[in-house]
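For reference, the structure is listed below as structure tokens.
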Amino acid sequence: MNTQEIITKLQELASEKHKANVVKLGIPEENSIGVSTGDIRKLAKSIEKSNELARELWETGYHEAKLLAALLFDKKKTTMEEVKALMQDVISWDLCDHLCKNLIIRIKGYESLIPEWAESEMTYEKRAAFTLIASAAIHEKKLSEDVLDNYLQLIREHSADERDHVKKAVSWALREIGKRDFDYNEKALLLAHELKESGGKAQVWIGKDALKELENLVKVEGRSRLISSKSQMGKTSRS
């Protein structure tokens with residue numbers, strides 16, 4: 001399929017309900033088609049990866065076309081410069097997270113973007129730094145203690161940012177590090193309590209938000225990461 005055929009297909013999959021949801025995210029109505037992420041993923045499986053096609057879809061300006069493009073970029077052929085250019089166009093948290101989790105974290109050397117973007121004044125570049133930390137904490141089994149400790153330090157240093165879409169990502173990153181094992185659960189708990197007890201408004205919020213999950217984690221046989229004691233699997237492990 002070419003770009004126009006794909007846009008036509010997306011329009012066929014659209015619904016007013018999904019379009020309303022997209023507009024609520026802050027996407028201009030003229031850039032919204034109204035297709036669920038699930039349908040976009042299904043469509044992506046029927047299209048061969050192509051950076052040229054992905055760039056064309058991205059440049060249409062449609063939100064859903066950008067979500068699809070993130071799934072069609074070839075990670076081996078995508079450069080850091082291209083990734084930085086894509087992030088400049090991001091104006092919603094869902095596209096930010098989708099781009100980070102489905103493309104950026106799969107590109108060799110993505111780690112260099114984390115400290116760079118953590119210092120950014122742009123909302124979604126800064127959110128991306130902590131989305132990448134959260135994703136790495138979940139999927140990268142061999143992260144060293146030095147790397148994880150550096151990530152915790154970045155969380156501490158940037159926890160005062162009061163923008164909703166930033167502080168929520170900072171909390172997410174802290175919680176995912178705390179789920180790696182009991183050692184990092186303890187480190188994450190200490191930081192969360194520090195933020196809650198001696199921080200500013202955003203830091204108190206992050207500390208409280210993280211503690212809701214960090215204080216209720218258990219180890220389950222067969223799972224490498226800690227899980228919530230309130231989940232069905234967590235309840236079973238305690239019985």
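The values are calculated or read from the model by the stated rules, or taken from the named source; none is laboratory data. Owing to the predicted nature of the structure, the values given are computational and were not obtained by experimental measurement. Positions of Cβ are generated from backbone atoms using ideal geometry, with glycine treated the same way; all protein chains shown enter the neighbour counts. These accessible areas exclude ligands, DNA and RNA; they are computed on the full protein's heavy atoms, side chains included. Shrake-Rupley method; radii C 1.70, N 1.55, O 1.52, S 1.80 Å.
Among the residues making up segment 34-79, those that are within 15 Å of HIS98 (Cβ to Cβ), touching a residue at least 12 places away in the same chain (Cβ under 8 Å) and either open to solvent by 20 Å² or more (accessible area, probe 1.4 Å) or among the aromatic types (Phe, Trp, Tyr) (or both) are SER36, THR37, ASP39, ARG41, TRP58, TYR62, LYS66, LEU71, PHE73, LYS75. Residue pairs whose Cβ atoms lie under 7 Å apart, separated by 6 or more positions or on different chains, with the first residue in segment 218-234 and within 21 Å of HIS139 (Cβ to Cβ) and among the hydroxyl-bearing types (Ser, Thr, Tyr) and the second modelled with pLDDT of 85 or more and open to solvent by less than 90 Å² (accessible area, probe 1.4 Å), are SER228/GLU213; SER228/ASN216; SER228/LEU217.
Check segment 183-193 and report whether any residue there is assigned to a loop (DSSP other than H, G, I, E, B), of a type in the set (Lys, Arg) and in contact (Cβ under 8 Å) with a residue 12 or more places away in the chain. For segment 183-193, residues assigned to a loop (DSSP other than H, G, I, E, B), of a type in the set (Lys, Arg) and in contact (Cβ under 8 Å) with a residue 12 or more places away in the chain: absent. You will find that of LYS101, LYS126, the residue that is closer than 29 Å to SER159 by Cα, open to solvent by 40 Å² or more (accessible area, probe 1.4 Å) and modelled with pLDDT of 95 or more is LYS101 and no other. Evaluate segment 9-18: report whether one residue or more is hydroxyl-bearing (Ser, Thr, Tyr) and in a loop (DSSP other than H, G, I, E, B). The answer is yes; a qualifying residue exists. Suppose we keep only residues that are touching a residue at least 12 places away in the same chain (Cβ under 8 Å) and in a helix (DSSP H, G or I) within segment 132-146. Which one would you say is most open to solvent (accessible area, probe 1.4 Å)? Checking each candidate, the answer is HIS139.
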